[in-house]
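The values are calculated or read from the model by the stated rules, or taken from the named source; none is laboratory data. For clarity, every value in this text was computed on a predicted model and none was experimentally measured. All Cβ positions, glycine included, derive from the backbone under ideal geometry; neighbour counts span all protein chains shown. For accessibility, only protein heavy atoms count, side chains too; no ligands or nucleic acids. Shrake-Rupley method; radii C 1.70, N 1.55, O 1.52, S 1.80 Å.
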Amino acid sequence: MRITVIEHEAEAGLGYLAEWLGVPCDVVRPYLGQEVPERADGGLIVLGGAAAAWEDERSPWQPATRDLLRRSVEEGTPTLGICLGAQLLTMACGGTVERGSAGLEVGACEVIALPAAASDRLFSGVGERAVAVQYHQDAMTRLPDGAVPLFTGDRYPNQGYRLGEAAWAVQFHPEATPEIFAAWTAQSAQEDSSGGDALSAQGYRAEDLNAEVKAAEDRLVATWRPVAEAFGNLVKNHRAG
């Protein structure tokens, strides 16, 4: 009864989920040379990262991760893709991911639950509107066939969906603590000096974003902790069955 976690980089770990899931996790770190497994029998979580979902030359383990996601969906393994993980799941199952036309979505942002979320096994308790941590510029522009949209937003419409009976993809970051988010904005500031795609270049100030996420901390915990606990219970019941 263990969840396989694919971590794409050290700065994008399990965060809150390490405490909330209530199920032991085996964290695979392919950026350190660890091999992506062919199966994740107990459950699967694929986390976020800076690479685009199509940048296999940058992250050469992504094809194996997409294969793992596709197989997990087909086999009904409880699966959760977060940000890059959601985009990899989308591509793996026939959808489309592209560089977003609306620019960077970052900070504590509102997501809007769609009608199907009210009866979803993970998200039924979220409510019609919720705050979530965002940090992405790529977008899921076409969902896989059969996907059930669960969340939308003002900047990008595809914020979360369910595929099959036990796989979910969310564009936002339910795992991100204020400390993790602040590490991401600090990393962006470092990239700015080398000509990278920095926050300031798109009109954002890291300190403002960090304060925004910190101020939302209680709401983030209240909203997303029950979702993580529901996923952990799903894994437990899956293994028991």
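Residue 176 meets all of the listed conditions (1) over 30 Å from residue 71 (Cα atoms); (2) among the aliphatic types (A, V, I, L, M); (3) assigned to a loop (DSSP other than H, G, I, E, B) but one, namely (1). In the range 22-29 there is at least one residue that is in contact with a Ser or Thr (Cβ under 7 Å, 6 or more places away or on another chain), within 25 Å of residue 165 (Cα to Cα) and at pLDDT 95 or above.
Residue pairs whose Cβ atoms lie under 7 Å apart, separated by 6 or more positions or on different chains, with the first residue in the range 110-129 and within 20 Å of residue 17 (Cα to Cα) and among the charged types (D, E, K, R) and the second open to solvent by 20 Å² or more (accessible area, probe 1.4 Å) and assigned to a strand (DSSP E or B), are 120/162. Take the residues of the range 102-142 that are of a type in the set (A, V, I, L, M), assigned to a loop (DSSP other than H, G, I, E, B) and open to solvent by 30 Å² or more (accessible area, probe 1.4 Å): which is farthest from residue 169 (Cα to Cα)? Going through the qualifying residues, I end up with 102. Screening 4, 77, 65 for residues that are modelled with pLDDT of 95 or more, of a type in the set (Ser, Thr, Tyr) and within 30 Å of residue 219 (Cβ to Cβ) leaves exactly one candidate, 4.
When you look at residue 233, is it at pLDDT 95 or above, open to solvent by 60 Å² or more (accessible area, probe 1.4 Å) and within 20 Å of residue 23 (Cβ to Cβ), yes or no? So residue 233 passes the test. Among the residues of the range 57-75, some residue qualifies, meaning at least one is open to solvent by less than 30 Å² (accessible area, probe 1.4 Å) and farther than 22 Å from residue 165 by Cβ.
Restricting the range 143-176 to residues that are under 23 Å from residue 16 (Cβ atoms) and in contact with a Phe, Trp or Tyr (Cβ under 6 Å, 6 or more places away or on another chain) leaves a set whose member that is surrounded by the most Cβ atoms within 10 Å (Cβ to Cβ) is 169. Residues in the range 76-90 that are small (Gly, Ala, Ser) and either under 16 Å from the mean Cα position of the chain (by Cα) or surrounded by 21 or more Cβ atoms within 10 Å (Cβ to Cβ) (or both): 81, 85, 86. Within the range 79-101, count every residue that is of a type in the set (Gly, Ala, Ser) and in contact with a Leu (Cβ under 8 Å, 6 or more places away or on another chain). Adding up the residues that qualify gives 4. Do you know which residues across the range 206-229 are aliphatic (A, V, I, L, M) and either more than 20 Å from residue 21 (Cβ to Cβ) or touching a Gly at 6+ places or on another chain (Cβ under 9 Å) (or both)? Those that are aliphatic (A, V, I, L, M) and either more than 20 Å from residue 21 (Cβ to Cβ) or touching a Gly at 6+ places or on another chain (Cβ under 9 Å) (or both): 206, 209, 211, 213, 215, 216, 227, 228. When the range 114-131 is filtered for residues that are under 12 Å from residue 153 (Cα atoms) and either acidic (Asp, Glu) or more than 17 Å from the chain's Cα centre (by Cα) (or both), the ones remaining, listed by number, are 114, 128, 129. Looking across the range 91-101, just one residue is open to solvent by 40 Å² or more (accessible area, probe 1.4 Å) and hydrophobic (A, V, I, L, M, F, W, C), and that is 91.
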